[in-house]
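*Asks:* One structure is given below, represented as structure tokens, and several questions about it will come after.
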Amino acid sequence: MRRLLSDVADRANRYVEGVAERRVAPSPEAVERLSRLDVPLQDDPIEPSKVLAELDEIGSPATVATTGGRYFGFVVGGSLPAATAANMLAGVWDQNAARVLSPVAASLEDVCIRWLISLFGLPANAGAGFVTGATMANFSGLAAARHALLAQEGWDVEARGLFGAPMMTVLVGEEVHVSLLKALSMLGLGRDRVVRVPVDGQGRMRADALPEISGPTIVCIQAGNVNTGAFDPAGEICRTGRASGAWVHVDGAFGLWALASHRYAYLAEGVQDADSWATDGHKWLNVPQDSGLVFVREPEHLRAAMTATAAYLIEGEGREPSHYVPEMSRRARGVEIWAALRSLGRSGLAELVERTCRYASQFAEGLQDAGYEILNDVVLNQVLVSFGSPALTHRVIRRVQEEGTCWLGGTEWQGHVAMRISVSSWATTEQDVQSSLEVILRFAKEEARA
């Protein structure tokens, strides 16, 4: 085991040291070589070191270099050094995050909850759960909302299900993220029966367009539109919701982290008045994948929606992590969240948010100065740019992705085809921005002449 772990460390170091020099998207040849892993399962065991070598030598070249500084596609932050190292240690620990199975995992979650509640300015006694990502964070927060609202109607949804339950209304903005709709569908609340509220030119829900609220109602708002970075007017919507007895849920997958910065916290003003919040650690906190977070103002609603008991399940003293999330068997993902927060501190996290927002502004300024249309107000870390016709914009995106210096995605925004630039990695440097801009502008000029 010692030799194997040393080998892993050596291979991991080589990967990290080379990530800044390699292309961001894997080469077609590297992807083709993945077929070498698709072999019939053999009868006899293979030496673990040989398995590791095969995995590294064929698999590593076919990864997307999201841990480097030139990945600007989806809102994916590269993993911080402390978080990566903690993740490796947690893998060796192999802990199930239940208190009786792992006192350290449960204790680290307790600490992280207090830290995060303080960072976001949420109610001090809020309940929280560590889940896989924003989809499950939305799912868990909305499950708590479903429980609370139906309990007020005298209906135990966990025991009786939705058959015959009082009707519930769900309000979402026209720019609602698909992960929230997926969560609603899994909860039996439906994707298509939601009431869509009009939005403005930046994708913000119009508070003045909210329909009259009556009966059990969930209002879902965004802290950070996935295309523009814009925030719904949380304060006004929360006041309306509270006055009518609605539950307000915040999808803050990446935008909630703006609260860590005094410079950008104003964008999320009023979100603390909601009833539940969802966010994602692998976005702006820059921890490894599979790290979502849900917070609920009244913890008993989250616990009621998620708790499962059995005679053989032994509970320790204190908060039992499994009572606040869908999973019972899950990894100790709080380990790397603790490491990231401990490593950065308040000022380091604020600087990470502010630096990446500054780089997004540099992208926008460089593209606009070259004569291309920026489609959004660049208020955070998201940039939308059009290079002219939809076909031309698609061609530029494809050329940039194939060339490999950086990776950026495409999107459709209020009738426009756009290149979407998301800057959220600690590893991104000024040079990464400049070299990426040069490639984008070169292909934009070439394709315009073609």
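The values are calculated or read from the model by the stated rules, or taken from the named source; none is laboratory data. Source: prediction; values computed, not measured. Here the Cβ is made from the backbone with ideal geometry for all residues, glycine too, and neighbour counts use every protein chain on show.
*Asks:* Just the residues that are assigned to a loop (DSSP other than H, G, I, E, B) and surrounded by fewer than 11 Cβ atoms within 10 Å (Cβ to Cβ), please, taken from segment 13-48.
*Replies:* Glu21, Asp38, Val39, Pro40, Leu41, Gln42, Asp43, Asp44, Pro45, Ile46, Glu47
*Asks:* Please tell me if Asp208 is out of contact with any Ser or Thr (no Cβ under 7 Å at 6 or more places or on another chain), at pLDDT 95 or above and more than 30 Å from Arg355 (Cβ to Cβ).
*Replies:* yes
*Asks:* Within segment 382-396, can you find the residues that are touching a Lys or Arg at 6+ places or on another chain (Cβ under 9 Å) and within 19 Å of Gly229 (Cβ to Cβ)? So that I can check it myself, show each step before the final result.
*Replies:* Just the residues of segment 382-396 that are touching a Lys or Arg at 6+ places or on another chain (Cβ under 9 Å), to begin with: 382-385, 387.
Residues satisfying the conditions are Gln382, Val383, Leu384, Val385.
*Asks:* Among Ser102, Ser79, which is farther than 23 Å from Val19 by Cβ and among the hydroxyl-bearing types (Ser, Thr, Tyr)?
*Replies:* The conditions single out Ser102.
*Asks:* Okay, moving on. How about segment 265-311: which of its residues are under 20 Å from Arg146 (Cα atoms), modelled with pLDDT under 95 and not aliphatic (A, V, I, L, M)?
*Replies:* Thr307
*Asks:* Only one of these is surrounded by 13 or more Cβ atoms within 10 Å (Cβ to Cβ), touching a Ser or Thr at 6+ places or on another chain (Cβ under 8 Å) and not acidic (Asp, Glu): Thr169, Thr228. Name it. First the steps, then the outcome.
*Replies:* Numbers: Thr228 fails: touching a Ser or Thr at 6+ places or on another chain (Cβ under 8 Å).
After applying the criteria, what remains is Thr169.
*Asks:* Next question, about the same structure. Given the condition touching a strand residue (DSSP E or B) at 6+ places or on another chain (Cβ under 7 Å), outside any helix (DSSP H, G or I), touching a residue at least 40 places away in the same chain (Cβ under 8 Å) and outside the structural domain of Pro103 (by TED's automatic domain parsing), answer yes or no: does some residue in segment 332-343 qualify? Explain how you work it out, then say what you get.
*Replies:* Pass one, segment 332-343, residues touching a strand residue (DSSP E or B) at 6+ places or on another chain (Cβ under 7 Å): 333-334.
Still in the running and outside any helix (DSSP H, G or I): 333.
Subset that is touching a residue at least 40 places away in the same chain (Cβ under 8 Å): 333.
Narrowing further to those that are outside the structural domain of Pro103 (by TED's automatic domain parsing): none.
Looking through segment 332-343, none of the residues is touching a strand residue (DSSP E or B) at 6+ places or on another chain (Cβ under 7 Å), outside any helix (DSSP H, G or I), touching a residue at least 40 places away in the same chain (Cβ under 8 Å) and outside the structural domain of Pro103 (by TED's automatic domain parsing).
*Asks:* Also, I was wondering about something else. Quick one: in segment 65-94, which of the residues that are surrounded by fewer than 20 Cβ atoms within 10 Å (Cβ to Cβ) and in contact with a strand residue (DSSP E or B) (Cβ under 7 Å, 6 or more places away or on another chain) is farthest from Asp432 (Cα to Cα)?
*Replies:* Phe74
*Asks:* Being part of a loop (DSSP other than H, G, I, E, B) and in contact with a Cys (Cβ under 6 Å, 6 or more places away or on another chain) is the filter; apply it to segment 265-283 and report the residue that is nearest to Arg204 (Cα to Cα). Show your work before the answer.
*Replies:* To start, the set of residues in segment 265-283 that are part of a loop (DSSP other than H, G, I, E, B) comprises 269-270, 274-275, 281-283.
With in contact with a Cys (Cβ under 6 Å, 6 or more places away or on another chain) added as a condition, the list becomes 270, 274.
Numbers: Gly270: 14, Ala274: 17 Å.
Within segment 265-283, the match that is nearest to Arg204 (Cα to Cα) is Gly270.
*Asks:* Then there is this: Tell me yes or no: at least one residue of segment 149-171 is among the small types (Gly, Ala, Ser) and in contact with a strand residue (DSSP E or B) (Cβ under 8 Å, 6 or more places away or on another chain).
*Replies:* Checked against the condition, which is being among the small types (Gly, Ala, Ser) and in contact with a strand residue (DSSP E or B) (Cβ under 8 Å, 6 or more places away or on another chain), segment 149-171 yields no hits at all.
*Asks:* Could you identify the single residue in Glu320, Glu300 that is out of contact with any Ser or Thr (no Cβ under 7 Å at 6 or more places or on another chain), in the same structural domain as Gly252 (by TED's automatic domain parsing) and closer than 15 Å to Leu101 by Cβ?
*Replies:* Glu320
*Asks:* Of the conditions (1) touching an Asp or Glu at 6+ places or on another chain (Cβ under 9 Å); (2) surrounded by fewer than 23 Cβ atoms within 10 Å (Cβ to Cβ); (3) more than 30 Å from Ala9 (Cβ to Cβ), Ala134 satisfies every one except a single condition; which number is it?
*Replies:* For Ala134, the failing item is (2).
*Asks:* OK, next. How about segment 418-446: which of its residues are crowded, with 17+ Cβ neighbours inside 10 Å and charged (D, E, K, R)?
*Replies:* Those that are crowded, with 17+ Cβ neighbours inside 10 Å and charged (D, E, K, R): Arg420, Asp432.
*Asks:* Another question, then. Give the number of residues within segment 232-264 that are in a helix (DSSP H, G or I) and either among the hydroxyl-bearing types (Ser, Thr, Tyr) or under 18 Å from the mean Cα position of the chain (by Cα) (or both).
*Replies:* 8
*Asks:* Please go through segment 314-326 and give me each residue that is crowded, with 16+ Cβ neighbours inside 10 Å, over 18 Å from the mean Cα position of the chain (by Cα) and over 23 Å from Thr84 (Cα atoms), ordered by number.
*Replies:* If we filter segment 314-326 for residues that are crowded, with 16+ Cβ neighbours inside 10 Å, which is where we start, we get 319-326.
Remaining after also requiring over 18 Å from the mean Cα position of the chain (by Cα): 319-324.
Within segment 314-326, Arg319, Glu320, Ser322, His323, Tyr324 qualify.
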